[in-house]
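Everything below concerns the one structure shown next.
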Amino acid sequence: MAGPALAFGWMGWDALCLLLAFITLLIIVMLHMISISFGLPSLTMWAKAEYAQVAVTFLIVLFAIGMRDAGNDIMGQITAKVAAASGNVVLANAAHSYVDDPVKIGKEYIINGPIRCAKNIYKITFLVNVWNEFWSGVSASVGNVEGVSGAYLIGGYVSLAHYLAQNISYLALFQYIQYNMLQYSQYTMLQIFLPVGLALRAFPITRGAGGLVIGFALGFAFVFPITYVLIVAMMPPTEYACTSVVVQAQNSPYYTPNNPCFNNVGNQVAVAYRSTSDTSKDGIFQAAMHAVEQLYLEAMFYPMVTLIIVFSFIRQTSSLFGADLAEIGRGLIKII
């Protein structure tokens, strides 16, 4: 595949889907003509009923094209404004860079937000703990009786550092999984799954499977990235440990007349001052723990809510597109 706009490497997905719709219409017209020529009333009635299905196919394709050309742009602008108002610097920058593509907004945010945050916290934790790790293994004994041990003095810091490092590794892994899900949606849903679903929907015997594939394609192509970036924009922004904070000029996109001194990134600026002023070991670990709490939300809660909305969309729309989910469920249960 040459790029996200191409399907099967030789034609844009929008042109391919329209071509499939016109081919389906041509087949129905030919069968209708044959039924009239040979006096086949049952085939005539079936062909007339299929015209409605062809019209639905055209509506599905037009909906997908409209979402790509207008819907994504509108949702990207909304995301940029909400992120700027809430002080989410990373998401606002990503939304301004890719205002017409929520998938790219989400990917840019994950790389420059949670993943970069996890890497920074891991490095800071390692640097703070490297000497703690050494001194915790040092002990002094008198007459084979242990008198003083570093583990008693700083063992708590070492255990906390191990806890942070282990959790950060898993949280970064979850973010990479979500990043690859967005990338998979970007390059397969409209380019492969939507044309396959339309082709399956053209035949009555595979119409149910086609409707399910179409709902799956539209859900992960549009609902998944849009829902994710909107949730991130509306939720509290990451703190200083997860964001490079810069005081914005008044002509920046983050400036608001109601807060001309610090503008609407003032909360993060304040957090930056508090974090940099407390350079003690306790202060560093406290900031790291606070950032890990935010990473838990972004790695588990946000994707879970997003997937619930996506699968609800798939379940509701697949029935409209001709999928019999109840029958599919019974068939899966029989197979299991």
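Just so you know, all these numbers are worked out from the coordinates, no wet-lab data involved. Values in this document were obtained by computation on a predicted structure and should not be read as measured data. Glycine also receives a Cβ, built like all others from the backbone with ideal geometry; neighbour counts cover every protein chain displayed.
Below 10 angstrom from the Cβ of His32, what's the summed charge of the other residues (Lys, Arg +1; Asp, Glu -1)?
So the surrounding residues net to 0.
So, in nm, how far is label Val305 from label Leu59 when the simple model puts each one 7 Å beyond its Cα toward the Cβ?
It is 3.1 nm.
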